[in-house]
1. What number of residues in the stretch 94-109 are loosely packed, with under 11 Cβ neighbours inside 10 Å and farther than 10 Å from L61 by Cβ?
2. Being within 21 Å of I114 (Cβ to Cβ) and assigned to a helix (DSSP H, G or I) is the filter; apply it to the stretch 41-69 and report the residue that is modelled with the lowest pLDDT.
Amino acid sequence: METGTVKPAYEQLTGTLKICSLWTHRLQIFYSTFLQALWELAENLGEVRRVGMDMGDITRLPVHTFQGVTPGAAPAGKDAGSDKTDCLVCMEEFQTGEQLKTLPCLHMYHVNCIDEWLKVGNSYRKKQ
């Protein structure tokens, strides 16, 4: 590849990544709004009822600040072979300083993501 073509290719790739990131964020907002509207419609029709966790139970789950990951080491607070450093609700990586909530199974999530998830009925069920 010629030296003069590297910069335009890099700028094009960077621009494409920014557009993808923007659309991903917009889809997450749309999805969240759509689900909330769908629940409200179903409740108004009387066809469903929420089965989510009680807010008191949700607030009692432990919260901590993500300290980051030391290169070559497992993330803090993880065990049982888990090396996830991203929230499985929003699919974004944890950033140093973010508030995370830990479920009894030791999986960690962004506080806002998991609180909303547990509230709308996708409640955590302990394995027997």
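1. 3
2. Per the stated criteria, the residue is M55.
The values are calculated or read from the model by the stated rules, or taken from the named source; none is laboratory data. Just so it is clear, the structure is predicted and the values come from calculations on it, not from any experiment. In this analysis, Cβ positions are derived from the backbone assuming ideal geometry, glycine residues included, and neighbour counts consider all displayed protein chains.
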